[in-house]
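The values are calculated or read from the model by the stated rules, or taken from the named source; none is laboratory data. Note that the coordinates shown come from a computational prediction; the quantities given were computed from them, not determined experimentally. Cβ atoms come from the backbone with ideal geometry, glycine included; neighbour counts cover every protein chain shown. Quick note on the areas: whole protein, heavy atoms, side chains included, nothing else; ligands and nucleic acids left out. Shrake-Rupley method; radii C 1.70, N 1.55, O 1.52, S 1.80 Å.
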Amino acid sequence: MQTPKRIDEVVGIAVIEPAARISQLSAETGGLVKRISVNIGDQVKKGQVVLTMDNAVETAQLRQANVKISTQQDAIETARQNVQTLRVQLQKAEADLKRNQTLFTGNALTRKELDDSQYQVTNLQQQIRASEAQVRQAESQIGSLRADIQYANTVAGLKTVKAPDNGTLLSLDAKVGQFLTSNQSIGDFAPAGPLVAVTEIDELFALRVKVGQKAYVRPQGSDERLTTGTVVLTSPYLRKKSLFSDNAANLEDRRVREVRVQLDDPGKVIIGARVECVISVN
């Protein structure tokens with residue numbers, strides 16, 4: 001009877017990826033490419049402009065919105081000055097009314113003259129209330145105009161594609177003069193951070209692989225060690241064999257466990273490369 005052979009290592013085909021996964025850059029809105037600000041392979045900062053589309057229409061809308069709010073602010077100031085003028089006139093009319101009431105009591109003023117003074121005060125009070133209502137109405141429109149400016153700013157901002165995080169521009173499928181459609185993918189972006197080897201381990205050996213185990217990667221068909229690493233993730237379930245098999249017949253019945261190995265020396269590998277990942281399971 002043969003003694004079962006001890007298994008110290010398991011091997012899987014792996015792809016090198018950023019730990020934060022490759023993401024696609026896309027244009028949120030359509031437009032004509034006006035300027036490209038970075039090159040493939042450049043290190044970029046979060047929020048850095050990658051590509052700018054023509055935004056002449058959006059800029060004009062923003063300028064128009066700013067003019068409207070400036071005009072409205074002038075109208076508010078004019079209305080406030082009018083209220084102030086009316087208040088000064090009311091103060092004089094009230095003083096005149098008080099004096100005329102004294103004169104009327106001493107029979108030095110007619111009833112009509114007193115009534116005219118009272119009317120002047122009442123009329124000015126009504127004018128002030130109406131003018132104050134105009135000020136409030138004009139001020140309420142400022143909020144709407146500011147919302148218009150914010151919207152115009154947002155729309156103008158959509159004419160740029162920015163880096164979603166610190167990282168590296170892997171590819172850029174756009175050129176000056178090209179028209180981009182809304183949500184069109186224009187390239188791949190690798191977030192800054194460690195690299196991992198994403199591999200699939202056959203279900204026969206899936207339970208042998210655990211977080212914390214040591215591993216290394218090597219070129220396919222070679223014994224050369226490119227870099228060592230550590231298992232940082234093991235999938236909690238088995239799934240069908242996927243992208244690492246070129247033989248469609250192998251995809252049907254085989255189950256695999258996804259495993260991620262964080263690499264110690266990412267400078268020795270290239271994102272997207274296919275390698276063999278050897279995991280020590282003893």
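Here are the numbers for this structure:
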read-out: Across LYS240/LYS268; LYS162/LYS268; LYS45/LYS162; LYS46/LYS159; LYS214/LYS241; LYS214/LYS268, pairs whose alpha-carbon gap is larger than 19 Å; value: LYS240/LYS268; LYS162/LYS268; LYS214/LYS241
read-out: Taking only Cα atoms of region 69-214, radius of gyration then Dmax in Å; value: 36.9, 119
read-out: Degrees separating the helix 111-157 axis from the principal Cα axis of the chain, which is the longest one; value: 20 degrees
read-out: Kirkwood hydrodynamic radius of the chain, from inverse mean 1/r over distinct Cα pairs, in Å; value: 26.1 Å
read-out: Separation between Cα centres of region 66-112 and region 140-209, rounded to whole Å; value: 61 Å
read-out: Pairwise label distance in nanometres, ASP116 with THR228, each label 7 Å out on the Cα-Cβ vector; value: 10.8 nm
read-out: Global size of region 85-137 as Cα Rg and Dmax, reported in angstrom; value: 13.2, 46
read-out: Accessible-area order (highest first, 1.4 angstrom probe) of the listed residues LYS159, LYS98; value: LYS98, LYS159
read-out: Accessible-area ranking of PHE179, PHE189, PHE205, largest first, probe 1.4 Å; value: PHE179, PHE205, PHE189
read-out: Kirkwood Rh and Cα Rg combined as Rg over Rh, evaluated for region 1-109; value: 1.63
read-out: Cα long-axis angle, helix 56-105 against the chain (0 to 90 degrees, to the nearest 10); value: 30 degrees
read-out: Karplus (6.51, -1.76, 1.60) ³J(HN,Hα), θ = phi - 60°, over region 26-34, in Hz, Gly and Pro reported as x; value: 8, 8, 6, 9, x, x, 8, 5, 9
read-out: Under 5 Å, built H, 5+ apart or other chain: amide partners of VAL50; value: VAL161, LYS162, ALA163
read-out: Relative contact order of the chain, defined on C-alpha pairs under 8 angstrom at six or more residues apart (%); value: 34 percent
read-out: Helix-only [θ]222 nm of the chain, DSSP H runs n ≥ 4, -39500 (n - 2.57) each, per residue, nearest 500; value: -13000 deg cm²/dmol
read-out: Alpha carbon convex hull of region 136-282, volume per residue in cubic angstrom; value: 231 Å³
